[in-house]
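In what follows, a structure is listed as structure tokens, so that the remarks can point back to it.
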Amino acid sequence: MVPLKCSVLILVFTLAGAGVIAGPRFQCSLKPISGNAWIPREVSFHFSDDFKTAEIKDLAFGVPVTARIERHSETSFALNWALPKLAVAANAGLPGPRFRAVLNTSNLKMSIQAVRKDKDGVLPRGSGHCQVDQSLSLLAQSEG
């Protein structure tokens, strides 16, 4: 009887975890438009099923981090995240870079802003376009 209860718990945790990464995935190419500080050039966003969090990967570093998500409008989301200190070794002793961005899902455009000001006191900004990753996981295909 105990192995049956364990099997049920394992199944529940597996399905709960699978829902976390079952949302849509976007890949965005960004260009800096102001400031001298670094703005990511390529990022991917993998939304949770409930659109409350996303796994973000800056493709230059390949380190996935979790972003907080807020619905900005009917078709756009505000994302907030930070890169770990180890990802940017040149800024030793400073906190990891933090970013906020708005992703518009209707026109697939993104604007991004670094939270920390650069040497000139300007908040670095960027913008770009995104693509929806059409490859769905087997779990997402079977649910659809």
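A short reminder: the numbers here are calculations on the coordinates, not readings from a lab. Predicted, not measured: the structure shown is a model, and the values here were computed from it.
Structure summary
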{"item": "Extension reserve of the Val122-Phe61 stretch, reckoned as 0.36 nm per residue once the Cα distance is removed", "result": "19.5 nm"}
{"item": "³J(HN,Hα), Karplus 6.51/-1.76/1.60, whole Hz, each residue of the range 25-30, x for Gly, Pro", "result": "10, 10, 10, 10, 10, 10"}
